[in-house]
1. What about G51, is it open to solvent by 30 Å² or more (accessible area, probe 1.4 Å), part of a strand (DSSP E or B) and touching an Asp or Glu at 6+ places or on another chain (Cβ under 6 Å)?
2. Looking at (1) over 19 Å from A228 (Cα atoms); (2) modelled with pLDDT of 95 or more; (3) outside any helix (DSSP H, G or I), which is the one condition that is false for S155?
3. For segment 119-142, does any single residue satisfy the condition of being surrounded by 14 or more Cβ atoms within 10 Å (Cβ to Cβ), closer than 16 Å to Y253 by Cα, touching a helix residue (DSSP H, G or I) at 6+ places or on another chain (Cβ under 7 Å) and of a type in the set (V, I, T)?
4. For the condition part of a helix (DSSP H, G or I), open to solvent by less than 40 Å² (accessible area, probe 1.4 Å) and among the small types (G, A, S), what is the one hit in G197, G239, G261, G243?
5. Which one is nearest to A84 (Cα to Cα), of the residues in segment 54-69 that are charged (D, E, K, R) and open to solvent by 50 Å² or more (accessible area, probe 1.4 Å)?
6. Regarding I222, is this residue open to solvent by less than 50 Å² (accessible area, probe 1.4 Å), touching a residue at least 12 places away in the same chain (Cβ under 8 Å) and touching a strand residue (DSSP E or B) at 6+ places or on another chain (Cβ under 7 Å)?
7. Quick one: how many residues across segment 1-45 are under 13 Å from D87 (Cα atoms), open to solvent by less than 70 Å² (accessible area, probe 1.4 Å), part of a loop (DSSP other than H, G, I, E, B) and at pLDDT below 95?
8. Condition first: of a type in the set (F, W, Y) and surrounded by 16 or more Cβ atoms within 10 Å (Cβ to Cβ). Now tell me which residues in segment 150-176 satisfy that.
Amino acid sequence: MLRSPTTHQKFTELLKDDHRVKVAGVDLDGILRGKVMAKSKFLSIIESGFGFCSVIFGWDMHDKTYPEELTVSNAANGYRDIIAIPDMSTFRRIPWEDNIPFFLLSFYEPNTREPLAVCPRGLLKRVTDELATHGWEAMCGAEFEFFNFKETPESLASKGHHEPEALTPGMFGYSLLRPSLNQEYFYNVFDECRDFGVNIESFHTETGPGVFEAALAYDNAINMADMANLFKLSVKQLGMKQGIMPTFMAKPYGDQPGCSGHLHFSLRDIATKTNLFAASLNNSSTSSGAANLNNANRTNPPSPVEELDEAATLAPRAEWEDSVEGVEHMSQNYWAPVTVSWGIESRVSAIRVIGPPQCDPKGTRLEMRVGGADINPHLAIAACLAMGLYGIKNKLPMPVGPTTTEAE
């Protein structure tokens with residue numbers, strides 16, 4: 001993890017007018033844990049990292065240690081320090097905090113300097129690194145629904161956290177009127193997030209009292225997970241400044257719709273940037289690839305597209321595929337869903353397959369619809385990618401056809 005002297009010189013120059021820096025890492029609940037440090041301290045730890053209390057992986061979101069202590073952090077090891085190293089590629093400034101410089105951290109074992117097993121950013125990188133060995137890059141999107149209340153921490157505590165006042169009453173998805181009632185907050189979220197390097201693709205009201213939904217712009221898996229975490233933090237900070245309390249709880253009300261955290265996935269060829277999920281973009285490559293892969297005298301390694309096609313030749317299309325509209329637009333690399341509930345353009349299925357004609361072939365992707373808005377984005381994305389990679393490597397067949405109604 002050592003960096004060249006030019007990195008130190010670069011950031012010495014970039015931070016020349018600053019005297020403080022904010023850093024934060026992601027814990028297992030998806031909460032950012034961090035601190036503000038003097039610039040001189042920060043510049044001194046760019047290469048070596050610094051000690052960070054391991055208890056952030058040994059307690060819950062209320063700072064209560066787990067009943068069964070973990071190997072990484074426990075009384076026996078004195079809740080020792082782990083090593084935190086800033087990821088210099090995550091540099092951005094927080095516009096609503098006087099443009100203070102901000103960096104995300106990753107955590108490492110102090111003795112071996114290997115990535116800490118429980119570090120969500122490190123775990124996701126392990127998965128994306130394995131994908132890269134095949135020549136593949138995971139591209140992801142995230143959508144978050146969240147309730148907003150006219151509350152402060154003090155007002156909500158005085159109510160015993162019961163019956164918070166919704167930002168707007170009633171149900172009205174995709175309203176152009178309701179954001180006007182809180183226009184400054186609504187547009188601040190959009191604009192300030194952009195300036196913070198958290199790119200919102202679309203932002204609207206969702207059905208439910210005071211509910212908004214934001215879709216983050218597609219990016220590679222690590223960038224998307226980082227943006228998703230920072231989006232939640234940004235919304236909460238911006239809301240507090242205006243007496244608004246957002247929540248990403250999956251089910252704040254028992255009698256209202258919940259808040260989703262839908263994740264979108266596709267794989268692309270690192271070299272060509274081609275979406276490997278779109279059949280129409282890969283037909284010529286896969287046709288020649290299948291022939292080549294059957295050639296015993298082949299000397300060149302298979303391309304990423306050909307690797308996927310090889311898996312497909314060993315797991316031929318099922319009988320049901322001939323009668324399902326839309327399957328012809330999809331590559332045979334479906335990945336492996338963990339339930340029988342999946343469907344093409346089906347929002348009542350756990351996994352929704354999106355492709356032509358609803359989108360351009362390059363937008364072909366899977367939408368995982370099970371997760372709530374309270375997911376840890378790094379862990380959720382890592383789990384989905386690892387599951388998909390397992391299905392590809394083990395050539396798992398698709399046992400059932402798509403559903404278009406709720407599973408019984």
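The values are calculated or read from the model by the stated rules, or taken from the named source; none is laboratory data. What you are looking at is a predicted structure, and each value in this text was computed from that prediction instead of being measured. Backbone-built Cβ (ideal geometry, glycine too); neighbour counts: all protein chains shown. Calculation scope for accessible area: heavy atoms of the full protein, side chains included, ligands and nucleic acids excluded. Shrake-Rupley method; radii C 1.70, N 1.55, O 1.52, S 1.80 Å.
1. yes
2. S155 satisfies all of (1) over 19 Å from A228 (Cα atoms); (2) modelled with pLDDT of 95 or more; (3) outside any helix (DSSP H, G or I) except (3).
3. no
4. Answer to the selection: G239.
5. Checked segment 54-69; the qualifying residue nearest to A84 (Cα to Cα) is D63.
6. Against the criterion (open to solvent by less than 50 Å² (accessible area, probe 1.4 Å), touching a residue at least 12 places away in the same chain (Cβ under 8 Å) and touching a strand residue (DSSP E or B) at 6+ places or on another chain (Cβ under 7 Å)), I222 does not qualify.
7. Counting residues in segment 1-45 that are under 13 Å from D87 (Cα atoms), open to solvent by less than 70 Å² (accessible area, probe 1.4 Å), part of a loop (DSSP other than H, G, I, E, B) and at pLDDT below 95 gives 1.
8. Listed by number, the list holds a single entry, F172.
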